[in-house]
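So the structure is just underneath, and the comments pick up after that.
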Amino acid sequence: MDVINIKSKLYNYSVEFTDDVSENLRAFPFEKTVYLIDKNILRLYEETLSCVGRTHTYVMEAVEHKKNMDTVMDFIAFMQRLGVRKDWRVVCFGGGISQDIATTASSLYLRNVEWYFFPTTLLSMCDSCIGGKSGINVGEFKNQIGVFYPPKKIFIDVHFIDTLTKDDYLNGWGELLKFSLTEEASFYESVKQEQKLIPCANIREYIRRGLAVKQKVIEQDEFESDLRRILNYGHTFGHALEAYTNNAVPHGKGVIWGIDVANYLAVQEGLIDKDLYLDIKKLIRKSFLQEEIQIEDPEKVFGVIKTDKKVRGNMLSFALLDGKSHLSVHPLALDDTLLKHFRDYLGETHAYYMS
């Protein structure tokens, strides 16, 4: 059995790689199981999920504007009507949005009900499925409410990736690229040598390697007091780009762009040399962002960053490379100097893509 065991201060849990979801589902007692399923997954995998009781299934539209407390409370109301008690189980099928709703609702309802997760996107398989962190939006602001409440068990079937769009595939690669630059130089070199990343024949191995990197971080800093903040590498500017474009730019694309911006800032701060920045930039352009991300209003992007929940006074801690395959948390003032660096990045990147 292919299993990763995760240590947690709440309770230990595991990730199991599986090739037979139907068999895994049969282990859950129908009369005490409630399902939360992304409606697209229910449509695409109707036969695989045929053993799931429809009367016990809450079907949700997994889109960003549904990732709010209204959806959390609607799912809780569904569980109430069904008579869910503490000895029931919640089983979730979907990506990060479905996971956020399941995590939050399962934690709040009856002060917690056990839940299990079948991630169906590359992003949720390689990253968000472990760590137990949820994020719920409030109005236009992302991830303002959340809890730490991991699933009791995670089942990964990489066959779900087969029906992903290119953008959804790219969402996962944003995190995998981050992990390849976080700790193990050979991970990054393997990614560089891949001839085709979307789709990728070796994706199961990269998922495992990505989870292994994240596992080491969350087992040392489960509740994001310090070390876990390095996992925000690329996310500060990435999330700002998502907000700036009203989510027209998907999460993974935003993170990859954010990694490029962060690497430029690391050069300006004297943390890495320009050759490393350009080496990563070359991979990003070749494999992920063939077209330039153009920003017409840099001040607006910068304004979004100032609303980041991690801002303290006028300072924000950025996860930046300080060497090959090594990150550190580096505080930067949100001032005119940083805005100038961002403007310079945009100008130099435009020239790079025009060359």
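Just so you know, all these numbers are worked out from the coordinates, no wet-lab data involved. Please read these numbers as outputs of a predicted model, since none were measured by experiment. No Cβ is skipped: glycine too gets one built from the backbone with ideal geometry, and neighbour counts run over all protein chains shown.
Have a look at K32, K306, K340 and tell me which one the Gaussian network model of the chain (Cα, springs below 10 Å) gives the largest fluctuation.
Top of the fluctuation ranking is K340.
Can you give the relative contact order of the chain as a percent, counting alpha carbon pairs under 8 Å and 6+ residues apart?
Once normalised by length, the contact order is 13 percent.
Per 10 Å bin, what is the whole-percent P(r) computed from every C-alpha pair distance within the stretch 310-354?
24, 37, 35, 4
Which value at 222 nm does the chain reach when only helices count, each DSSP H run of 4 or more adding -39,500 (n - 2.57), with the total divided by all residues and rounded to the nearest 500 deg cm²/dmol?
Details: 12 runs with 149 residues, N = 355.
Theoretical 222 nm ellipticity from helices: -13000 deg cm²/dmol.
Round to the nearest 10 and give me the degree value, 0 to 90, for the angle of helix 69-82's Cα axis relative to the longest principal axis of the chain.
The answer is roughly 10 degrees.
Which of D308, D336, D167 moves most in a GNM of the chain, Cα contacts under 10 Å?
The residue with the greatest mean-square fluctuation here is D336.
Mind jotting down the distance between the C-alpha centroids of the stretch 177-205 and the stretch 1-51, whole Å?
Using only Cα atoms, the two centres lie 26 Å from each other.
Determine the gain in length on full extension of the stretch E348-R312; use 0.36 nm per residue of separation and subtract their C-alpha separation, reporting nm with one decimal. Please list the in-between numbers first.
Values: separation 36, 0.36 × 36 = 12.96 nm, distance 2.97 nm.
Value of the extension gain: 10.0 nm.
Going by how many other beta carbons lie within 10 Å of each one, how would you line up C92, C200, fewest first?
Neighbour counts put them in this order, fewest first: C200, C92.
For K309, K152, what ranking results if the residue with the fewest other Cβ atoms within 10 Å of its Cβ goes first?
Fewest to most other Cβ atoms nearby, the residues stand as K309, K152.
Note down the Stokes-Einstein diffusion coefficient of the stretch 192-314 in µm²/s, whole number, using a Kirkwood radius over alpha carbon pairs, 4 °C, and 1.567 mPa s.
So the translational diffusion coefficient is about 80 µm²/s.
With labels modelled as points extended 7 Å from the Cα through the Cβ direction, what inter-label distance (nm, one decimal) is found for K7 paired with N246?
Inter-label distance under the simple model: 4.8 nm.
Choose one of G94, L42, N112: the residue whose Cα lies farthest towards the positive end of the charge dipole of the stretch 12-116 (beta-carbon charges +1 Lys, Arg; -1 Asp, Glu; about the Cα centre).
Result: N112.
Provide the three semi-axes, in whole Å and in decreasing order, of the ellipsoid equivalent to the stretch 255-343 as defined by the square roots of 5 times the Cα gyration tensor eigenvalues.
Values: eigenvalues 93, 59, 24 Å².
Calculated on Cα positions only, the semi-axes equal 22, 17, 11 Å.
Between S190, S225, S325, find the one with the highest GNM mean-square fluctuation for the chain; connect C-alpha pairs within less than 10 Å.
S225
Can you tell me which lysines have their Cα less than 19 Å from the Cα of K39? Leave out same-chain residues fewer than eight positions away.
K66, K67
Rounded to the nearest 0.05, what FRET efficiency do R54 and K274 give with R0 = 41 Å and r taken as the Cβ-Cβ distance? Could you check?
0.10
Per q in 0.18, 0.20, 0.26, 0.32 1/Å, what log10 I(q)/I(0) does a Debye calculation on the alpha-carbon atoms of the stretch 214-266 return?
Result of the Debye calculation: -0.63, -0.72, -0.88, -1.02.
Looking at the stretch 1-52, I'd like the Rg to Rh ratio, where Rg is from alpha-carbon atoms and Rh is Kirkwood's inverse mean 1/r.
Here the Rg-to-Rh quotient is 1.03.
To check you understand DSSP bridge types, tell me what percent of the beta bridges within the chain (both residues inside) are antiparallel, rounded to 5.
45 percent
Using a simple charge model, +1 on the beta-carbon of Lys and Arg, -1 on the beta-carbon of Asp and Glu, nothing else, what dipole does the stretch 9-140 show about its Cα centre, in debye to the nearest 20?
Dipole magnitude for the stretch 9-140 comes out near 540 debye.
Charges only on Cβ, +1 for Lys and Arg, -1 for Asp and Glu: so what's the dipole of the stretch 193-276 about the Cα centre, in debye to the nearest 20? Could the numbers behind the result be given before it?
Working: 10 positive and 12 negative charges, 78 e Å.
Dipole of the stretch 193-276, to the nearest 20 debye: 380 debye.
Considering just Cα atoms, how many Å³ per residue does the convex hull of the stretch 1-112 enclose?
Numbers: hull volume 13.2 nm³, N = 112.
Per residue, the Cα convex hull of the stretch 1-112 comes to 118 Å³.
Can you pull the percent of Cα pairs in the stretch 61-107 with separation above 12 Å?
That tail contains 61 percent of the Cα-Cα pairs.
Report the charge-dipole magnitude of the stretch 1-41 in Debye, nearest 20, computed about the Cα centre from +1 at each Lys and Arg Cβ and -1 at each Asp and Glu Cβ.
Using only the charged Cβ atoms, the result is roughly 340 debye.
What is the order of T104, T349, fewest Cβ neighbours within 10 Å to most?
Least to most surrounded, the residues fall as T349, T104.
How much length is gained if the chain between T165 and S355 is pulled fully straight, taking 0.36 nm per residue apart and subtracting their Cα-Cα distance, in nm to one decimal?
65.5 nm
Kindly provide the pair-distance distribution of the chain built from C-alpha pairs, with 10 Å bins from 0 and whole-percent values in order of increasing distance.
The calculated distribution, bin by bin, is 5, 25, 34, 24, 10, 2, 0.
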